[in-house]
1. Would you mind computing, in nm to one decimal, how far apart the modelled labels at residue 243 and residue 7 are, each placed 7 Å from Cα along Cα→Cβ?
2. Return a whole-number percent for the relative contact order of the stretch 180-330, with Cα pairs under 8 Å and 6 or more residues apart as the contact set.
3. Considering only protein heavy atoms, what is the solvent-accessible area of residue 241 at a probe of 1.4 Å, reported in Å² to the nearest 10?
4. Just read off the accessible area of residue 294 with the full protein assembly in place, 1.4 Å probe, to the nearest 10 Å².
5. Test of understanding: in a Gaussian network model of the chain with alpha carbons linked when under 10 Å, which of 111, 183, 171 would top the mean-square fluctuation ranking?
6. Let me check against my output: what whole-number percent is the relative contact order of the stretch 4-177, with C-alpha pairs under 8 Å and at least 6 apart?
7. Give the angle, between 0 and 90 degrees and rounded to the nearest 10, that separates the Cα long axis of helix 101-112 from the longest principal axis of the Cα atoms of the chain.
8. Considering Cα pairs under 8 angstrom that are at least six residues apart, work out the relative contact order of the stretch 42-92 and quote it in whole percent.
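The values are calculated or read from the model by the stated rules, or taken from the named source; none is laboratory data. This structure is a prediction, so every number in the text was calculated from the model and none was measured. Cβ coordinates were reconstructed from backbone atoms using ideal geometry, including for glycine residues, and neighbour counts include every protein chain displayed. Keep in mind that these areas ignore ligands, DNA and RNA; they rest on the heavy atoms of the full protein, side chains included. Shrake-Rupley method; radii C 1.70, N 1.55, O 1.52, S 1.80 Å.
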Amino acid sequence: MDSATLLEILSQPETWEKTLMRAAQEQWELPPAGQTRRPLLFVGCGTSFYLAQSAAASYTRLSGHPGHAVPSSEVFLFAPNSIAASEKPLAVTISRSGTTTETVWAAKFMREQLHLPVIALSCYGDGALARESDWRMIIPEAQENSVVMTRSFTSQLLGLFLASAAAVKARGLIEALAKIPDRGAHLLNPAASTMRGIADDSSLDHFIFLGHGIFYGAANEAMLKMKEMSLSFSEAYHTMEYRHGPMSIAGTNSLITIFISDAGREHETRLLGDMKKLGARTLVLCGNADDKIRAHADHLIEVGDGLPEEARLLLAMPMIQLLAYHRAVAKKLNPDAPRHLSQVVTL
Ligand code: F1P
């Protein structure tokens, strides 16, 4: 029987198409239409927290207002450290299930104790989180049978990118995001064989994911996918942070994956060369490569020239999900039943 996780990974282009339609029909905006533009606090757990990190970085760039991301537990336990009394952010709580205890607690705390308005982003409109919110962005098409989040990560993040772009009428970004279902469908098959080749290389047992800006959340999510699905030793850092200590354990058994950004491209390319000198192998995820990138990339995925970072991030994530999936299969693990994990964490 086909793996639910693999089917859901491969269904992403179709799910993105449905998300685009829903966002347009329901006219999603961040902040919601009629609300003043203001700081946003993105809140979630696990994959949903890493989704929050990328969404927050994109919101800050697009809106010119601060977007911050915090794990749900930091809200109801450490609000004075994470929500300045002077700031009255609008909260965006993110949860595929809509029932994760910590995120529901965070929503209740922000509404009842801090008197903050709360948006719920979920794949389920009937969960406790939806009931604890003032606005709802629900993407039922991204629901999953699997434990690990794949299409729910990219589709919910797409929804947030679209809503942030709609609020500031960033037409270029909206048009670029409208292209990702078709582009993604063309990328998946050729990239799958590249990812399977890396996954089957048993000389690699240490996976580092590096990203700046909106790609830092993606690097964290990539790290988590490798852990959850394939029980691999994986790490994630801001790209240029890697030199400041963590590279001490890089070696010939390491695969260093870099999400190439716009502003950091030159520095990221130089770091690639430096990491090759340590004997590490490299996987580069970029819009389009140049000769310098090609010189240092052992494996290269080009998702498309001229695309904004948000589109590139969404197109790159299925590749990482496939890497984690195929590494699990190579290790004779079942990605549909990850060790110690359940689909929802309830306390
Ligand atoms: C969040 C989460 C996932 C994790 C696992 C358990 O779920 O922690 O990130 O991969 O599936 O649940 P949710 O709040 O987004 O439903």
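1. Taking the two extended label points, one gets 4.8 nm.
2. Computed over the stretch 180-330, the figure is 30 percent.
3. 90 Å²
4. 110 Å²
5. In the Gaussian network model the winner is 171.
6. Working: 334 pairs, mean separation 48.9, N = 174.
So the answer I get is 28 percent.
7. It is inclined by approximately 40 degrees.
8. Working: 53 pairs, mean separation 18.5, N = 51.
Worked out over the stretch 42-92, it gives 36 percent.
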